[in-house]
Amino acid sequence: MRSIWTGSISFGLINIPIKIFSAVQESSIDMDMLDEKDHSNIKFKRVNENTGKEVAFANIVKGYKIDDKYVILEDADFEAADAEKTKTIAIQSFALEKEINSIYYEQPYYLEPDKGAMNAYALLRDALEASGKVGVTSFVLRNKESLAILKPYKNVILLNRIRFDQEIRDPNELKLPPASKKSTKEMDMAEKLIDQLTEKFDISAYKDEYTAKLMEIIKNKAKGKKQAAPKLKVVHKQSDDLMAMLKASLDKKKSS
């Protein structure tokens, strides 16, 4: 792995030099867009919508539209609003992880201690583990200020970037059924079905089956093998009788 950021964690008066590594990698297959006729690569160009002519990158400016007019922004404007460049991940507070809704989580990173920081790193990691809390912090990555939490994961301190509250859309614009506070026969049956299907979560049991199957198809096509058409699964019509559907679901689980 190659580090993408170097700096330090500030924990009270303790300074812990670290390196940041991306904790995730894409499992999808990288595809190229080709011309159907001769399989040539497709190139994308920046063109003027009025003239249709290509515009050189050096001649492109950025603008924000207000009242059907663009306010053009220059480099000095971006610099004036730029996040203060700092190499410190300062822990501002600590909180219970369950208080942070999963909708805020964005991108995870591994933190590795730099030279001479092993003891301080281990102290923070183990203290977080013992307390059951996460450190709330902010840091600047690629000129963008991000909110984040620090938490122990296996033997590493994980930095998970989280979204700001203003980045979350208000769901009140959606047409949703009202929440039911009273217990019903359907609710009792639904809870029984949930209990029946509950098991200890094991992430390793879930695989990216689609990508693996697609890669198999690609390799077979490269060898000239034809792919058999998939069998269509019969989808049963949804019944308006929720109780009947719940009972059938419970009976199916019992018999399996």
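The values are calculated or read from the model by the stated rules, or taken from the named source; none is laboratory data. Since this is a predicted model, take the numbers as computed values, not measurements. When we count neighbours, we look across all protein chains shown, and the Cβ atoms used for this are built from the backbone with ideal geometry, even at glycine. Side chains are part of the model used for accessible areas, which takes the heavy atoms of the whole protein and leaves out ligands, DNA and RNA. Shrake-Rupley method; radii C 1.70, N 1.55, O 1.52, S 1.80 Å.
Below is a table of values for the structure above.
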{"quantity": "Accessible solvent surface per residue of the chain, calculated while the other protein chains remain in place, 1.4 angstrom probe, Å²", "calculated": "84"}
{"quantity": "Extension reserve of the residue 22-residue 220 stretch, reckoned as 0.36 nm per residue once the Cα distance is removed", "calculated": "68.0 nm"}
{"quantity": "For the chain, alpha-carbon Rg and Dmax in angstrom", "calculated": "26.4, 69"}
{"quantity": "Gyration tensor over alpha-carbon atoms, the range 63-115, equivalent ellipsoid semi-axes in Å", "calculated": "35, 20, 11"}
{"quantity": "Lysines whose Cα lies under 27 Å from that of residue 69, excluding same-chain neighbours fewer than 8 positions away", "calculated": "45, 53, 144"}
{"quantity": "Reachable lysines from residue 226, criterion Cα separation under 21 angstrom, eight or more residues apart if same chain", "calculated": "213"}
{"quantity": "Unit charges on C-beta of K, R, D, E only; dipole of the chain, Debye", "calculated": "1240"}
{"quantity": "Electrostatic dipole magnitude of the range 74-128 [Cβ: Lys, Arg +1; Asp, Glu -1; Cα centre; debye, to 20]", "calculated": "540"}
{"quantity": "Sulfur and carbon atoms: percent of accessible area, the chain [1.4 Å]", "calculated": "53"}
{"quantity": "Over 24 Å (Cα to Cα) - which of 98/207; 151/192; 200/252; 98/247 fall in this group", "calculated": "98/207; 151/192; 98/247"}
{"quantity": "Calculated [θ] (222 nm, deg cm²/dmol) that DSSP helices of n ≥ 4 give over the chain, each run adding -39,500 (n - 2.57)", "calculated": "-7500 deg cm²/dmol"}
{"quantity": "As computed over the range 100-189, the Cα convex hull volume per residue (Å³)", "calculated": "169"}
{"quantity": "Whole-percent pair-distance distribution, where bins are 10 Å wide, for the alpha carbons of the range 1-123", "calculated": "9, 19, 23, 25, 17, 6, 0"}
{"quantity": "Kirkwood hydrodynamic radius (C-alpha pairs) into Stokes-Einstein, the range 88-140, 10 °C and 1.306 mPa s, D in µm²/s", "calculated": "125"}
{"quantity": "For the range 89-199, size of Cβ-based charge dipole, Lys and Arg +1, Asp and Glu -1, in debye", "calculated": "120"}
